[in-house]
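Asks: One structure, pasted below without further comment.
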Amino acid sequence: MPRGTACAVLACATLASAAPAAHAANPVQPYGKNDAGGFHDVLPPGTRGLDNSAQLLQFQITGQRPQHWLDQLPLYRDLVYADPTLTHAQIASYYKDATFGVKPGDIESTESPLGRPGLTIIRDKRYGVPHIYGTSRSDVLFGTGYAGAEDRLFLMDVLRHTARSQLSSFAGGAASNREMDRTQWEIAPYTEADLQSQIDNAPKLYGDIGTKFVQDGKDYVDGINAYIDQAELNPDKLPGEYPFLGIPLQHWKLTDVIATASLVGGIFGKGGGEEVRSAQLLQAFVQRFGLQAGRRSWLDFRSKDDPESPITVPGRFPYETASAFAKRGLAFPDKGSVKFTPPAPPPKSSASSAAKGAVGGIGHALRRHQHMSNSLLVSARRSANHHAIAVMGPQVGYFVPQILMEEDLHGPGFDVAGAAFPGVNTYVELGHGRDYAWSATTADSDVEDTFAEVLCKDDFHYLYRGRCLPMEQLSRTNTWHPNAGDSTPPGQETLTVYRTVHGIVYARGTVKGRRVAFARARSTYFHEADSALGFAALNDPTKVHDPRSFQRAVANINFAFNWFYTDANHIAYYLSGWYPQRAKGTSPDFPVLGIGKYDWRGYDPTYHTARWLPFARHPNAIDPPYLVNWNNHQAHGWNAADDNYHYESVFRQQLLADKVRHDIRGGRRMHLQQLVQAMEESATQDLRGVKVLPAMLRAVGKPRSAKLRAGIALLRRWHRRGAHRRDLNRDGHYDDDAAVTLMDAWWQTFVPGEFRPALGGGLYGKFTRFLPIGDPIGGAATSPDYETGWYGYVSKDLRDLFGPRPRGPWSRAYCGKGSRKRCRRALRRSLAAALKVTRQDLYGHDPACASEHRVEASCFDETRSTVVSGIDIPAFPWINRPTFQQTVELTRHLPR
């Protein structure tokens, strides 16, 4: 029997028992049913993400793309040109109507997969969004799987293989694919039995609710496989990438969904876990300055709870307040003893393997854009219409097709529309319900720790609770062959890591002469799928109906996310995550002994659970005047995770918050279009030019050199104009191109000129590898995001010397080694050096800009999407905003 026929028969047999009775009522609701109105959103480039072989060939010949491939890109891209005169009426020109359902004249297609009478999927003509209606819960979940495959099947396949550290086996042995396999195997190395255990443990841990969510997952997988069976028989439904690359279709299993959840959560929902590297950095400070002065200097830069760091919510929420230098259980690595243990040696680059391969470097792109989400909400008492307003969304990068997909779901337990990650789109993860909306930003809060496992017998046994236990070896062997998209020669490699009761060993060394293995413990390890409890509640109108029910819902999400909520009358915030309660008196910054005595409170190694921080101790708020977050510090008292040194006195959130505060100051009230513009204006601003440049120019003073004075005047004029990186007249060049170019050049000379003499070359080099100075120029083109960098370091150090005096001043001044005169001389030299830097020096290393004869900042910054398809889209101008974004302006609450 041909494979395609076998799959179809098996699928029909599997689904027969799950199919609803033939007399099921039509579940379709009219447009706007159970929707309060006032929801708009945008998700570029477009809904469609599946191209069959004929469409792929058509694109290669004529450049024609399938319908709905990039029809939302103009909305997203062109908002920048509406500044500064955006009106309320114009919002609908840049965000599409997100009301539940489809207008009668806007129906593009209607289908009931497999003739399933309880399921109807309608797509609208304008954007092709799937609107899924189910008579039963099973119908809705089957529909989400089917529609997900219909829009993103090949991308879903890429994600599940990435999640299983098998991207190179799936798509080819390009260096970027093999590097992603290594990274994922170090973060979430699961065997098939491990993944199945998460399914089996759900009823044990959560009872009937756990059983229900397992069934949800099975129904979802059935929907995916139903589409795969059709695609094997109908070439119009088969993504062209499969025959092009010679990849066979394979059915999905529920364990694939669990694996994909581990990928998404491991990238966007974690923080911490770098205690060893943080310890090495402290050692470098102590070597430079001595024990006490070195510790004080390290604390300067650590920025755990800087009193000047911009926060999201008022009040104090103490967490990780113990001293970094607490001695109880401390396992500080001996200097020079640490050896990191990656799953395999770094991949060797060659002419054939150095390229990104058939899937465009998806792993790098995912991790590059995990920290660009933002949310702006204004309370009812501060808005012009006396109702809460919001502009909010997640930044997950730019992909083709997009790595989020849209869905509109209705049935038992569902009245919701929005976006979700393909492969785990069982529920809408970011979107709106009947009369409320929600969104999230990555929180970076500390859900990972490092335990030093004391070795016994040999390198692969360790002491735990008085016993000498063996480490578990986890191996994954990948094999690849050349394909049409990746010419890497045939090859094979095995990835190997070792697991203890705490987690994955990532380094080895000694502590006071004793051999140890450093293992990373993540609270969500073996529990990535548990967040389904929270997402399902957000989708259910009986579960979420006000700010407090929203907070309770997202508290069931164990990933570290900042969550935002709005309805007609309220705004709210809650920080989700399973936050360990560490053993009393232990350091939150450095490794602790893993012998059992210093475990997380209530730690159970069998189920990898513990007594997590209670609900009320998480940062939270209901109805403050406004809420603004751009991945910044949550609240004072909530200390930054050990891998996070960048909650500094300058943070890009200030770009947003300053505008909101300005527009509500003195009793003024804010309109939705003002809130959109606050986001959009900030999206093209250079944080350095807005927030750091005044201190830089004050420090440089008034030099005699005419060239320096001219450069200063250029930068000062740019600052007064808003320090934008944008091209409003669309001539292909930034409106302030000369100033932008000088700022890019000067930052590269200014920061080392300020800090390297005091820190010394060794410490400065080590530190900048740990935390780069921010958006470096000189390599391949990249869009700036201004999240991590030395922006606050520069500002605080200069204000300490030249005023105004900062709050929370450092233990010493670094510029000029504390001398204003030496500092000013060094900074003037840095400006003189920057003025000699050419555009070719800065931007000439990118082949795309060189080929277009546009060696300049506007080209270098452009957004070039990561293509996971045979059909790409054009680059578009840089904009620092969420990928999926909602505008919300509600005026009523609907009865339940």
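The values are calculated or read from the model by the stated rules, or taken from the named source; none is laboratory data. This structure is a prediction, so every number in the text was calculated from the model and none was measured. For neighbour counting, all protein chains shown are included, and Cβ atoms are generated from backbone atoms with ideal geometry for every residue, glycine included.
Asks: Is it true that some residue in the stretch 463-481 is closer than 24 Å to Lys335 by Cα, in contact (Cβ under 8 Å) with a residue 12 or more places away in the chain and hydroxyl-bearing (Ser, Thr, Tyr)?
Replies: No.
Asks: For residues that are assigned to a helix (DSSP H, G or I) and not aliphatic (A, V, I, L, M), scanning just the stretch 731-743, find the one that is surrounded by the most Cβ atoms within 10 Å (Cβ to Cβ).
Replies: Taking the stretch 731-743 first, the residues assigned to a helix (DSSP H, G or I) are 737-743.
Adding the requirement that they be not aliphatic (A, V, I, L, M) leaves 737, 741.
Numbers: Asp737: 17, Thr741: 22.
Ranking the qualifying residues of the stretch 731-743, first place goes to Thr741.
Asks: For the stretch 595-606, does any single residue satisfy the condition of being within 30 Å of Tyr793 (Cβ to Cβ) and touching a strand residue (DSSP E or B) at 6+ places or on another chain (Cβ under 9 Å)?
Replies: At the first step, the residues of the stretch 595-606 found to be within 30 Å of Tyr793 (Cβ to Cβ) are none.
Checked the stretch 595-606: no residue is within 30 Å of Tyr793 (Cβ to Cβ) and touching a strand residue (DSSP E or B) at 6+ places or on another chain (Cβ under 9 Å).
Asks: State all residues of the stretch 693-713 that are touching a residue at least 40 places away in the same chain (Cβ under 8 Å) and part of a helix (DSSP H, G or I); if no residue qualifies, say none.
Replies: As a first pass, look at the stretch 693-713 and keep what is touching a residue at least 40 places away in the same chain (Cβ under 8 Å): 693, 695-696, 698-701, 703, 705, 707-708, 711-712.
Listed by number, the residues that qualify are Leu693, Ala695, Met696, Arg698, Ala699, Val700, Lys707, Leu708, Gly711, Ile712.
Asks: In the stretch 480-533, what residues are β-branched (Val, Ile, Thr) and under 28 Å from Phe170 (Cα atoms)?
Replies: Going through the stretch 480-533, the residues β-branched (Val, Ile, Thr) turn out to be 488, 494, 496-497, 500-501, 504-505, 510-511, 516, 524.
Across the stretch 480-533, the qualifying residues are Thr488, Thr494, Thr496, Val497, Ile504, Val505, Thr524.
Asks: Taking Gly397 as meeting all but one of (1) touching a Leu at 6+ places or on another chain (Cβ under 8 Å); (2) part of a strand (DSSP E or B); (3) farther than 30 Å from Ser587 by Cβ, write down the number of the exception.
Replies: Unmet for Gly397, out of (1) touching a Leu at 6+ places or on another chain (Cβ under 8 Å); (2) part of a strand (DSSP E or B); (3) farther than 30 Å from Ser587 by Cβ: (2).
Asks: Consider Leu57 carefully, then state whether it is hydrophobic (A, V, I, L, M, F, W, C), in contact with a Pro (Cβ under 6 Å, 6 or more places away or on another chain) and modelled with pLDDT of 95 or more.
Replies: Numbers: hydrophobic (A, V, I, L, M, F, W, C): yes; in contact with a Pro (Cβ under 6 Å, 6 or more places away or on another chain): no; modelled with pLDDT of 95 or more: yes.
No; evaluated as a whole, the condition is false for this residue.
Asks: Could you run through the stretch 528-578 and say how many residues are surrounded by 24 or more Cβ atoms within 10 Å (Cβ to Cβ), over 30 Å from Ser323 (Cβ atoms) and among the small types (Gly, Ala, Ser)?
Replies: Residues flagged as surrounded by 24 or more Cβ atoms within 10 Å (Cβ to Cβ), over 30 Å from Ser323 (Cβ atoms) and among the small types (Gly, Ala, Ser) within the stretch 528-578 amount to 5.
Asks: Return yes or no: is Thr99 polar (S, T, N, Q) and in contact (Cβ under 8 Å) with a residue 12 or more places away in the chain?
Replies: Working: polar (S, T, N, Q): yes; in contact (Cβ under 8 Å) with a residue 12 or more places away in the chain: yes.
When the stated conditions are applied, Thr99 passes them.
Asks: Given the condition touching a residue at least 60 places away in the same chain (Cβ under 8 Å), farther than 30 Å from Leu50 by Cβ and β-branched (Val, Ile, Thr), answer yes or no: does some residue in the stretch 283-298 qualify? I'd like the intermediate steps shown before the answer.
Replies: Pass one, the stretch 283-298, residues touching a residue at least 60 places away in the same chain (Cβ under 8 Å): 284-285, 287-288, 293, 296-297.
If we keep only those that are farther than 30 Å from Leu50 by Cβ too, we end up with 284-285, 287-288, 293, 296-297.
Of the ones still in play, those that are also β-branched (Val, Ile, Thr) are none.
No, the conditions are met nowhere in the stretch 283-298.
Asks: Which fully enclosed helices (runs of 4 or more DSSP H) of the stretch 775-880 have 2 or more residues being under 26 Å from Ser375 (Cβ atoms)?
Replies: 791-802
Asks: Suppose the filter is under 21 Å from Ile132 (Cα atoms), among the small types (Gly, Ala, Ser), buried (at least 21 other Cβ atoms within 10 Å of the Cβ) and in contact with a helix residue (DSSP H, G or I) (Cβ under 9 Å, 6 or more places away or on another chain); does Gly101 pass it? Give the steps one after another, and end with the answer.
Replies: Working: under 21 Å from Ile132 (Cα atoms): yes; among the small types (Gly, Ala, Ser): yes; buried (at least 21 other Cβ atoms within 10 Å of the Cβ): yes; in contact with a helix residue (DSSP H, G or I) (Cβ under 9 Å, 6 or more places away or on another chain): no.
When the stated conditions are applied, Gly101 does not pass them.
Asks: Just give me the residues in the stretch 78-90 being surrounded by fewer than 19 Cβ atoms within 10 Å (Cβ to Cβ) and touching a residue at least 12 places away in the same chain (Cβ under 8 Å), in sequence order. First the steps, then the outcome.
Replies: Residues of the stretch 78-90 that are surrounded by fewer than 19 Cβ atoms within 10 Å (Cβ to Cβ), as a first pass: 78, 81-85, 87-90.
Selection gives Asp78, Tyr81, Ala82, Asp83, Pro84, Thr87, His88, Gln90.
Asks: Taking into account only those residues within the stretch 579-604 that are assigned to a loop (DSSP other than H, G, I, E, B) and among the β-branched types (Val, Ile, Thr), which is surrounded by the most Cβ atoms within 10 Å (Cβ to Cβ)? Let's see the steps before the verdict.
Replies: Narrowing the stretch 579-604 to residues assigned to a loop (DSSP other than H, G, I, E, B): 579-591, 594-603.
From the residues that got through so far, the ones that are among the β-branched types (Val, Ile, Thr) too are 586, 595.
Details: Thr586: 24, Ile595: 18.
Across the stretch 579-604, the extreme among qualifying residues is Thr586.
Asks: With (1) among the small types (Gly, Ala, Ser); (2) surrounded by fewer than 18 Cβ atoms within 10 Å (Cβ to Cβ); (3) over 24 Å from Asp78 (Cα atoms) as the list, and Gly711 as the residue in question, which single condition is left unmet?
Replies: Gly711 satisfies every listed condition except (2).
Asks: Which is within 28 Å of the chain's Cα centre (by Cα), farther than 24 Å from Asp642 by Cβ and of a type in the set (Gly, Ala, Ser), of Ser795, Ser783, Ser819? Walk me through it before giving the result.
Replies: Working: Ser795 fails: farther than 24 Å from Asp642 by Cβ; Ser819 fails: within 28 Å of the chain's Cα centre (by Cα).
Just a single option satisfies the conditions, and that option is Ser783.
Asks: Pairs only if they're at least six apart or on different chains, beta carbon under 7 angstrom, first in the stretch 838-863 and closer than 14 Å to Leu742 by Cβ, second surrounded by 15 or more Cβ atoms within 10 Å (Cβ to Cβ) and of a type in the set (Asp, Glu); list them, first residue then second.
Replies: Within 7 Å, the pairs are Arg839/Glu856; Leu842/Asp744; Tyr843/Glu856; Glu856/Asp737; Ala857/Asp737; Ala857/Asp744.
Asks: So which of Phe142, Phe170 is touching a residue at least 40 places away in the same chain (Cβ under 8 Å), in a helix (DSSP H, G or I) and buried (at least 23 other Cβ atoms within 10 Å of the Cβ)?
Replies: Numbers: Phe170 fails: buried (at least 23 other Cβ atoms within 10 Å of the Cβ).
Among Phe142, Phe170, only Phe142 is touching a residue at least 40 places away in the same chain (Cβ under 8 Å), in a helix (DSSP H, G or I) and buried (at least 23 other Cβ atoms within 10 Å of the Cβ).
Asks: Being closer than 15 Å to Lys237 by Cα and among the small types (Gly, Ala, Ser) is the filter here; which residues of the stretch 48-81 pass it?
Replies: The answer is Gly49, Ser53, Ala54.
Asks: Grab the strands (runs of 3 or more DSSP E) fully contained in the stretch 413-527, keeping just those with 1 or more residues being surrounded by fewer than 21 Cβ atoms within 10 Å (Cβ to Cβ). Give the steps one after another, and end with the answer.
Replies: Values: elements: 414-420, 430-432, 436-442, 448-454, 461-464, 467-470, 472-480, 491-499, 504-511, 514-522.
Passing ranges, in order: 448-454, 461-464, 467-470, 472-480, 491-499, 504-511, 514-522.
Asks: What's the number of the only condition in (1) part of a loop (DSSP other than H, G, I, E, B); (2) closer than 17 Å to Ile224 by Cα that Pro117 fails to meet?
Replies: The number of the failed condition is (2).
Asks: Where residues in the stretch 241-280 are at pLDDT 95 or above and β-branched (Val, Ile, Thr), which of them is farthest from the chain's Cα centre (by Cα)?
Replies: For the stretch 241-280, the residue satisfying everything is Ile247.
Asks: Do you know which residues across the stretch 867-895 are surrounded by fewer than 22 Cβ atoms within 10 Å (Cβ to Cβ) and of a type in the set (Ser, Thr, Tyr)?
Replies: Across the stretch 867-895, the qualifying residue is only Thr891.
Asks: Identify all residues within the stretch 132-151 that are within 20 Å of Lys237 (Cα to Cα) and touching a helix residue (DSSP H, G or I) at 6+ places or on another chain (Cβ under 9 Å); write none if there are none. Full working, then the answer.
Replies: Step one: filter the stretch 132-151 for residues within 20 Å of Lys237 (Cα to Cα), giving 132, 142-151.
If the condition is that a residue be within 20 Å of Lys237 (Cα to Cα) and touching a helix residue (DSSP H, G or I) at 6+ places or on another chain (Cβ under 9 Å), then Ile132, Phe142, Gly143, Thr144, Gly145, Tyr146, Ala147, Gly148, Ala149, Glu150 are the ones that fit.
Asks: Tell me, yes or no, whether the stretch 237-249 has at least one residue that is in a helix (DSSP H, G or I) and surrounded by 22 or more Cβ atoms within 10 Å (Cβ to Cβ).
Replies: So far as the stretch 237-249 goes, yes, one or more of its residues are in a helix (DSSP H, G or I) and surrounded by 22 or more Cβ atoms within 10 Å (Cβ to Cβ).
Asks: Consider Gln673 carefully, then state whether it is outside the structural domain of Arg302 (by TED's automatic domain parsing), surrounded by fewer than 24 Cβ atoms within 10 Å (Cβ to Cβ), in contact with an Asp or Glu (Cβ under 8 Å, 6 or more places away or on another chain) and not aliphatic (A, V, I, L, M).
Replies: Working: outside the structural domain of Arg302 (by TED's automatic domain parsing): yes; surrounded by fewer than 24 Cβ atoms within 10 Å (Cβ to Cβ): yes; in contact with an Asp or Glu (Cβ under 8 Å, 6 or more places away or on another chain): no; not aliphatic (A, V, I, L, M): yes.
Here the answer is no, as Gln673 does not meet what is asked.
Asks: Restricting to the stretch 714-730, give me the number of residues that are of a type in the set (D, E, K, R), without any contact (Cβ under 8 Å) to a residue 60 or more places away in the chain and exposed (fewer than 13 other Cβ atoms within 10 Å of the Cβ).
Replies: To start, the set of residues in the stretch 714-730 that are of a type in the set (D, E, K, R) comprises 716-717, 720-721, 725-727, 730.
Now drop any that are not without any contact (Cβ under 8 Å) to a residue 60 or more places away in the chain, which leaves 716-717, 720-721.
Of the ones still in play, those that are also exposed (fewer than 13 other Cβ atoms within 10 Å of the Cβ) are 717, 720-721.
The number of residues fulfilling the criteria is 3.
Rundown of residues vs (1) of a type in the set (Phe, Trp, Tyr); (2) touching a residue at least 12 places away in the same chain (Cβ under 8 Å); (3) in a helix (DSSP H, G or I); (4) more than 20 Å from Thr788 (Cβ to Cβ), yes/no style:
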{"residue": "Asp643", "(1), (2), (3), (4)": "no, yes, no, no"}
{"residue": "Val650", "(1), (2), (3), (4)": "no, yes, no, no"}
{"residue": "Leu655", "(1), (2), (3), (4)": "no, yes, yes, no"}
{"residue": "Lys659", "(1), (2), (3), (4)": "no, yes, yes, yes"}
{"residue": "Asp663", "(1), (2), (3), (4)": "no, yes, yes, yes"}
{"residue": "Gln673", "(1), (2), (3), (4)": "no, yes, yes, yes"}
{"residue": "Met679", "(1), (2), (3), (4)": "no, yes, yes, yes"}
